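Participant: Sending over a structure as structure tokens; questions will come in a sec.
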Amino acid sequence: MSLEQITQQMSQRVQPGTLDATVKFDFGDDGKIFVDGPAGSVSNDDKDADCTITISLDNFKSLVAGDLDPTTAFMMGKLKVQGSMGVAMKLQSILG
């Protein structure tokens, strides 16, 4: 699955107000996904966010597929959270 496909799938799940914050998924050299919860938009822009999650694209795919537990990924350093941890905890609704 490509970054564009992931972005498109996320944009189908994010409606205005789904999330009351902005989130950036930083996949390093593979790109970024910016979720503007209040506006209900998803893009590949590199903007400042309330919460930034740094994770490899492969680990992100495993996370979304249910093969990687978010807590385990965080404890193992495969997933890093900058900013609001409370926002990060609400992401399950858009990751599906």
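Participant: Suppose we keep just the DSSP beta bridges with both residues in the chain; what percent of those would be antiparallel, to 5?
Facilitator: That works out to approximately 75 percent antiparallel.
Participant: Using Cα positions and a limit of under 20 Å, work out the aspartates and glutamates in reach of Lys47, with same-chain residues fewer than 8 apart set aside.
Facilitator: Glu4, Asp20, Asp26, Asp29, Asp30, Asp36
Participant: Compute, for Met75, the solvent-accessible surface of its heavy atoms (probe 1.4 Å) with the complete set of protein chains present, and express it in square angstrom to the nearest 10.
Facilitator: Here the accessible area works out near 150 Å².
Participant: What's the carbon and sulfur percent of the chain's accessible surface, probe 1.4 angstrom, rounded to a whole number?
Facilitator: C and S fraction of accessible area: 47 percent.
Participant: Restricting to Cα pairs below 8 Å that are 6+ residues apart, what does the relative contact order work out to for the chain? Please round to a whole percent.
Facilitator: Relative contact order comes out at 26 percent.
Participant: For region 7-36 and region 54-89, what is the separation of their Cα centres, given in Å?
Facilitator: Cα centroid to Cα centroid, the span is 14 Å.
Participant: Please compute the per residue accessible area over the chain with all protein chains in place, 1.4 Å probe, rounded to a whole number of Å².
Facilitator: 55 Å²
Participant: Is the shape of the chain rounded, prolate or oblate, going by the alpha carbon gyration tensor and its root eigenvalues a ≥ b ≥ c, with a/c under 1.5 for rounded and a/b larger than b/c for prolate?
Facilitator: Rounded, since a/c falls under 1.5.
Participant: Continuing with the same structure: Checking the a/c ratio against 1.5 first, then a/b against b/c, what shape does the Cα gyration tensor give for region 1-46?
Facilitator: Oblate.
The values are calculated or read from the model by the stated rules, or taken from the named source; none is laboratory data. The model shown is predicted, which means the values in this text are computed figures rather than measured ones. Heavy atoms of the whole protein, side chains included, go into the accessibility calculation; ligands, DNA and RNA do not. Shrake-Rupley method; radii C 1.70, N 1.55, O 1.52, S 1.80 Å.
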